[in-house]
Amino acid sequence: MNYGNCLDILGRGVEALDAYDAAITIDEHFSMAIGNKAKALRFFADISGKYRGATYLVAYQAIKSIIDSQDLIAIGGLGARKSFEDELQKIASVFTDKRDLEKRLVHSKYSTTNLTAFEEYYLAFCAKEELFLNFHLHDSQCESAITDPIFISLITPIEDIDTFDQLAKNINQIKEDYAIARLLLVQSQFKREDFDNISRRTTFVNTLDYAQFNLYSGLLKSAFKEAYNILDKIAVFINDYYNLGLRTDGIYFTKFWQTAGKMRDKILESKNISLYALYDISQDFKSGYYERLKAIRDASTHRKLVIFDSMLTDSDKRDEKDSIGHDTMLGETVKLLRLTKSAIIYLINFVSIEENRKRGSGLIPTIVMDTSQFL
């Protein structure tokens, strides 16, 4: 729980939610973890689209359930209780009809009728690993939990018809890349006869040491690389949003924050907690915390990455730095996708915080954008 608190203070509330869940798994009645998870969830309610109200409601009811718990004061003190009471009032102020705060949320499981075997596997895998871009955490088996609805909203002069479209294309690209990385990951784990046949059409040498070179290994490596590259595009978006004027072909996520002092100044000026979160992620790459992610990316992009059958050999103990077991590679790819998911959410919330600062007392009409796809 304390690790979750640390992440939350750094603005990394999405990852804090995982830490709080880990604490609650150990003790399902741990009041401080339940309350802190609810506060972290509430912070992202305003970017939850049409599930904004449900997100607020889940947070409110979670805090309400522990506000009178004996261990709350014993562990967190009177300050913790006062903090949660203030949070309840803040959430209640969002609801015009206070009776809505007592509503019980019920969601039916999404229907698997007419789904292909792969689509059913895909939805179950992504729900289990929490790879969808939403905050429908209270029920992972309903239709709302298997979508990626979050997006940016901008406040612009009525005559400005270009800014939103240009930035929306950046977000579209980031979300498209994330969806592709997620799809490649699931495809790499779903055995199917047509993929087997396609893989056999390419000749690979069997080196008799359980090294795996086939379509499935290639999909897993591609999922990893696609997810890693999204971080650079997040930096490009921030450059465009702030009109920093940096050349986009030279922007990299881990180096962007020190570029010519411009980004450092923006970080200090912004007082935007979600921008701090993105900066903090970049520091974890520099400190070595994500060294293995970086090593896997460098090997697969610039040299070779050999995936070995984890059932037949302990490849993770090999001396070769470009070797990795399949199970470890799978785990690291899921880890990277979840990190990338968090970064995308921080980016969306960063924009939400910045745009809300533009609001004055005047009327701001809403323009709803078309979300149909060319399929």
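The values are calculated or read from the model by the stated rules, or taken from the named source; none is laboratory data. Quick caveat, the model's predicted, so the values are computed rather than measured. Here the Cβ is made from the backbone with ideal geometry for all residues, glycine too, and neighbour counts use every protein chain on show.
Residues in region 357-366 that are free of Cβ contacts under 8 Å to residues at least 12 places away in the same chain and surrounded by 10 or more Cβ atoms within 10 Å (Cβ to Cβ): R357 only. The residue pairs whose first member lies in region 109-127 and is closer than 11 Å to I146 by Cα and free of Cβ contacts under 8 Å to residues at least 60 places away in the same chain, whose second member is small (G, A, S) and surrounded by 12 or more Cβ atoms within 10 Å (Cβ to Cβ), and whose beta carbons are closer than 8 Å, counting only pairs six or more residues apart or on different chains, are Y110/A145; A127/S140; A127/A145. For the condition at pLDDT below 90 and either crowded, with 21+ Cβ neighbours inside 10 Å or not β-branched (V, I, T) (or both), K317 qualifies.
Looking only at region 326-350, residues that are under 14 Å from the mean Cα position of the chain (by Cα) and over 13 Å from A181 (Cβ atoms) come to 7 in all. On inspection, F213 passes the criterion of being among the aromatic types (F, W, Y) and more than 26 Å from K175 (Cα to Cα).
For (1) part of a helix (DSSP H, G or I); (2) in the same structural domain as Q187 (by TED's automatic domain parsing); (3) touching a residue at least 12 places away in the same chain (Cβ under 8 Å); (4) surrounded by 19 or more Cβ atoms within 10 Å (Cβ to Cβ), each residue gets a yes or a no:
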site	(1), (2), (3), (4)
K321	no, yes, yes, no
I324	no, yes, yes, yes
T328	yes, yes, yes, no
G331	yes, yes, no, no
L337	yes, yes, yes, yes
T340	yes, yes, yes, yes
A343	yes, yes, yes, yes
Y346	yes, yes, yes, yes
F350	yes, yes, yes, yes
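Entry remark, region 166-196: residues being part of a helix (DSSP H, G or I) and surrounded by 14 or more Cβ atoms within 10 Å (Cβ to Cβ) number 21 in total.
When L88, L41 are checked against the criterion of being in contact with a Lys or Arg (Cβ under 7 Å, 6 or more places away or on another chain) and touching a residue at least 12 places away in the same chain (Cβ under 8 Å), a single residue qualifies: L88. Any chance region 106-115 includes a residue that's over 22 Å from E143 (Cα atoms) and surrounded by 10 or more Cβ atoms within 10 Å (Cβ to Cβ)? Checked region 106-115: no residue is over 22 Å from E143 (Cα atoms) and surrounded by 10 or more Cβ atoms within 10 Å (Cβ to Cβ).
The helices (runs of 4 or more DSSP H) found entirely in region 1-91 that carry 1 or more residues being farther than 26 Å from R104 by Cβ and among the hydrophobic types (A, V, I, L, M, F, W, C) are 2-9, 13-26. Mind telling me which of the residues V236, V306 ends up being touching a helix residue (DSSP H, G or I) at 6+ places or on another chain (Cβ under 6 Å) and over 21 Å from V14 (Cα atoms)? Matching residue, one of V236, V306: V236. Look at region 124-141 and say how many of its residues are of a type in the set (A, V, I, L, M, F, W, C) and not in a loop (DSSP other than H, G, I, E, B). Result for region 124-141: 4.
Of the residues making up region 142-162, just one is loosely packed, with under 15 Cβ neighbours inside 10 Å and assigned to a helix (DSSP H, G or I), namely E143.
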